[in-house]
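Report on one structure; see the data block that follows.
The values are calculated or read from the model by the stated rules, or taken from the named source; none is laboratory data. Since this is a predicted model, take the numbers as computed values, not measurements. For neighbour counting, all protein chains shown are included, and Cβ atoms are generated from backbone atoms with ideal geometry for every residue, glycine included.
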Amino acid sequence: MSELLNLEDARRTLRLLTIAALDANRMLFSGLQNPEVEPSAEQRAALNRILEHLTHTREGFMLALRTSDLTLASELRALIDYLIDWSWLDEIGLRWTTDEPLERLSGQIILYQHALIALGVMPHLPRQAVTFPSGQHRGYADVPVPTTPGETLNRLEELETTIWAATSDPVGKLPPGAVRRTYGFFEATTWLVANHLRDVVGW
């Protein structure tokens, strides 16, 4: 029974991720079409929900990281400096006491593993799947796939920073490259669900 519940938890996480990805592309597309317009209250609320998913994705990175994934001493030091404040455990609902078990995770690992796949697929998206509204680039072949934990963390943080900035500023004021990579990440997410995860999601 627990395995069935875990599967349903995974499906729910992926369904919510799909909705967040569709919303993200819709908001960013609208912002690109109206680059000087500030987000509406409804758009801010949607972007904040997306930001919550991205925060969980970064938490999944923290939970899944192994020292064997690191090849550079400098990268290990940088990640330790980043992770040394263990208050993030409280923020995601984990705590260790002598009389209580660890609380259950809420999909962080699934979101992180999916993000790795989306980042890898993004440069290879079929042209017909790309909707980014720019004539300069048709696709994301020029966007490198992160190959180290440090690069992965940088990309995850860029996603968060871009969506966070979009909650208050017009998209036209955001760094164009970051907006394009963020849009492409969510585009890769929806493509993966539509073409490879439909049965898993249950849609």
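Data for the structure
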quantity	calculated
Residue check, GLY120 among the small types (Gly, Ala, Ser), under 20 Å from MET27 (Cβ atoms) and either surrounded by fewer than 20 Cβ atoms within 10 Å (Cβ to Cβ) or without any contact (Cβ under 8 Å) to a residue 40 or more places away in the chain (or both)	no
Residues that are under 19 Å from GLU157 (Cα atoms) and touching a Pro at 6+ places or on another chain (Cβ under 6 Å), drawn from the range 38-55	none
Given (1) over 20 Å from ARG58 (Cα atoms); (2) basic (Lys, Arg); (3) in contact with a Leu (Cβ under 9 Å, 6 or more places away or on another chain), number of the condition ARG155 does not satisfy	(1)
Hits in the range 170-203 - residues which are assigned to a loop (DSSP other than H, G, I, E, B) and at pLDDT 95 or above	PRO170, LEU174, PRO175
Hits in the range 28-47 (condition: in a helix (DSSP H, G or I) and among the small types (Gly, Ala, Ser))	SER30, GLY31, ALA41, ALA45, ALA46
Condition met for THR162 (of a type in the set (Ser, Thr, Tyr) and farther than 15 Å from GLY120 by Cβ)	yes
All positions within the range 16-53 that are charged (D, E, K, R) and crowded, with 16+ Cβ neighbours inside 10 Å	ASP23
Subset tally (residues that are in contact with a Pro (Cβ under 8 Å, 6 or more places away or on another chain) and either touching a residue at least 24 places away in the same chain (Cβ under 8 Å) or buried (at least 16 other Cβ atoms within 10 Å of the Cβ) (or both)) for the range 140-168	9
Members of the range 137-169 found to be assigned to a helix (DSSP H, G or I), polar (S, T, N, Q) and farther than 29 Å from GLU42 by Cα, listed by number	THR152
Cross-chain or 6+ apart pairs with Cβ under 9 Å, the range 40-66 first and of a type in the set (A, V, I, L, M), then outside any helix (DSSP H, G or I) and crowded, with 21+ Cβ neighbours inside 10 Å	none
